[in-house]
Amino acid sequence: MKKVLSIVAIAALSVAFVSCGPSKEEMEKREQLKQDSIAAVEKAKQDSIAASAAEAEKMAMEANAARIADSTRVADSLAATKKGGKKK
């Protein structure tokens, strides 16, 4: 008799746990939320990469402009030295 009651109790608890679990619609909602979250993270990652690339491009252009300005300044300085340089 104890075995029968134990089996019935276990069966009842099993049915209760299964019936109290999430429904198929709830599981689909959770999965969709998870996919939306992953998509949002990927978009943020791509936006961050694009912003970083734009910043690197801007810095490269500024460095190139500074290099050109320095070269021009040195060339002007050398030209001025040759024009009004020391006489021997």
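General observations
- Distance between modelled label sites at Ala80 and Ala39, nm, 7 Å Cα→Cβ extension: 6.2
- Rounded, prolate or oblate (a/c below 1.5 giving rounded, otherwise prolate when a/b exceeds b/c) for the stretch 8-47 by Cα gyration tensor: prolate
- Scalar couplings 3J(HN,Hα) for the stretch 43-59, obtained by applying the Karplus form with A = 6.51, B = -1.76, C = 1.60 to θ = phi - 60°, are 5, 4, 5, 5, 4, 5, 5, 5, 5, 5, 5, 5, 5, 5, 5, 4, 5 Hz; x denotes Gly and Pro.
- Secondary-structure-derived ellipticity at 222 nm for the chain, considering helices only, amounts to -32500 deg cm²/dmol, per-run term -39500 (n - 2.57) for DSSP H runs with n ≥ 4.
- Listed residue (Ala80, Val41, Ala54) projecting farthest to the positive dipole end of the chain, Cβ model: Ala80
- The Cα-based radius of gyration and maximum Cα-Cα distance (Dmax) for the chain are 37.3, 126 Å.
Bear in mind these aren't lab numbers, they're just calculated from the coordinates by the rules spelled out. All figures in this text were calculated on a predicted structure; none of them were measured in a lab. Neighbour counts run over all protein chains shown; Cβ positions are idealised from the backbone, glycine included.
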